[in-house]
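Undergrad: Okay, handing you the structure first.
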């Protein structure tokens, strides 16, 4: 960042050019599991030693998603779709939580609101899509880009960094998949896994096909940041509150999610919407 | 967009206080951890929010 200064003669991480360039990427790598696991309350503070392991999958996946989206010029809808693909990869194919009723003593995501075609409950699917698609992937990306506004539009990784991220994400996939199987000895039936894999592929394909909303295409002004933030807080809070393992809970949560998506699309076409740094940021390498 | 993410982050702050962790211990340690995380999240949003406002006055 241009406004950061190092004391004369003092070498800090951010004063080394390569490290300085990689700082937002490293930050996002760890911010993703901090938000997705620790802030959610799924991992307690005394298990913080697991953070590097969690970051392999959460951070590697999120960083990869951001990098691909920024390099291809895709928008936030693509981030959400890739986040949903990540959710199904992690919870459907790797730890298979949405298919294993005994995964946790705290909840059963399989037999409540069960739908035969899905092979699991809508409650479980909706829960993982929301927590990972929104909070594990999209929110950390936006927050870290907010912390680095001058570099919000550009890729954060060079070729080596990209290769390292792919390797770390691959390692995370192997460790979570093999580690969970070693703990649970559970393997979902292959038709369920095959359908999940198809869903992952379709979500990834949709992410690269979906058109990016054009800010300013609608003849109206974007809401003030305070209003946008308050609406996001209220809608996501209501979503989390009403999402219960019952058909009523799932139905209410789907309605709230639909309202939130419609409002987001409505705002994203307004004048002045978008990454708040668009007025002064440099174009990315695409 | 930042404002929307900030709102969603604050939702996780209160949701986290009601969760039973799958990993690590529950009880006072978990509660203290959440207090620390809540303060850290607020500080992060404050600093990033200031940087975003310096970048532009636009919404989101």
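Undergrad: Could you state, as a whole-number percent, how many of the C-alpha pairs of segment A:150-254 are farther apart than 17 Å?
TA: Tail fraction, whole percent: 81.
Undergrad: Tell me the angle of helix B:2-17 to the major Cα principal axis of chain B, expressed in degrees between 0 and 90 and rounded to the nearest ten.
TA: 10 degrees
Undergrad: So, R0 is 22 Å and r is the distance between the beta-carbons of residue A:254 and residue A:209; what FRET efficiency does that work out to, to 0.05?
TA: E(calc), rounded to 0.05, equals 0.40.
Undergrad: If I model a spin label as a point 7 Å beyond the Cα along the Cα-Cβ vector, how far apart are those points for residue B:29 and residue A:48 in nm?
TA: 1.3 nm
Undergrad: Radius of gyration and Dmax for segment A:13-213's Cα atoms, expressed in Å?
TA: 17.0, 56
Undergrad: Rounded to the nearest 500 deg cm²/dmol, what is the calculated helix-only ellipticity per residue at 222 nm for the protein assembly as shown, with -39500 (n - 2.57) per DSSP H run of length n ≥ 4?
TA: Result for the protein assembly as shown: -19500 deg cm²/dmol, rounded to the nearest 500.
Undergrad: Counting only C-alpha contacts under 8 Å and six or more residues apart, can you give the relative contact order of chain A as a whole percent?
TA: Across chain A, relative contact order equals 25 percent.
Undergrad: On a 0 to 90 degree scale, rounded to 10, what angle separates helix A:17-33 from the longest Cα axis of chain A?
TA: Between the helix axis and the principal axis of chain A, the angle is about 30 degrees.
Undergrad: Here is a follow-up. Binning every alpha carbon pair distance of segment A:157-204 at 5 Å from zero, what are the percents per bin?
TA: P(r) for segment A:157-204, in whole percents per bin: 5, 17, 12, 21, 21, 13, 6, 4.
Undergrad: Still on this structure, please answer the following. Pairing the Cα long axis of helix A:76-88 with the longest principal axis of chain A, what angle in degrees results, from 0 to 90 and rounded to the nearest 10?
TA: Value to nearest ten degrees: 40.
Undergrad: Over the protein assembly as shown, one equal point on each Cα, no solvent: what is log10 I(q)/I(0) by the Debye formula at q = 0.11 Å⁻¹?
TA: Listed by q, the Debye log ratios stand at -0.73.
Undergrad: Now a separate question. Between residue A:230 and residue B:36, what is the FRET efficiency for a Förster distance of 22 Å, r being their Cβ-Cβ separation, to the nearest 0.05? Don't skip to the end; give the middle numbers.
TA: Numbers: r = 25 Å, r/R0 = 1.15.
In this case the efficiency is close to 0.30.
Undergrad: How many nm is it between the label spots at residue A:174 and residue A:261, if each spot is 7 Å from the Cα in line with the beta carbon?
TA: Taking the simple label geometry, residue A:174 and residue A:261 are separated by 3.6 nm.
Undergrad: Contour minus end-to-end for residue A:111 and residue A:182, with contour as 0.36 nm per residue of separation and end-to-end as the Cα-Cα distance?
TA: 23.2 nm
Undergrad: Can I ask one more? Once you average over the residues of A:138-151, how many Cβ atoms of partner chains fall within 10 Å of each Cβ?
TA: 6
Undergrad: Right, another one. Along Cα→Cβ, 7 Å out, is where each label goes; now give me the distance between the ones at residue A:150 and residue A:104 in nm to one decimal.
TA: Once both label points are built, they end up 4.1 nm from each other.
Undergrad: Thinking of segment B:1-53 as a set of Cα atoms, what percent of all their pairs are more than 15 Å apart?
TA: 50 percent
Undergrad: Can you give the convex hull volume per residue for the Cα atoms of segment A:99-216, as a whole number of Å³?
TA: Spelled out: Cα convex hull of segment A:99-216, divided by residues, is 172 Å³.
All of the numbers you see were taken from the coordinates with simple rules; none came from a lab. Everything numeric here is computed off the predicted structure, so don't read it as measured data. Please note: Cβ atoms are built from the backbone with ideal geometry, for glycine as well, and neighbour counts cover all protein chains shown.
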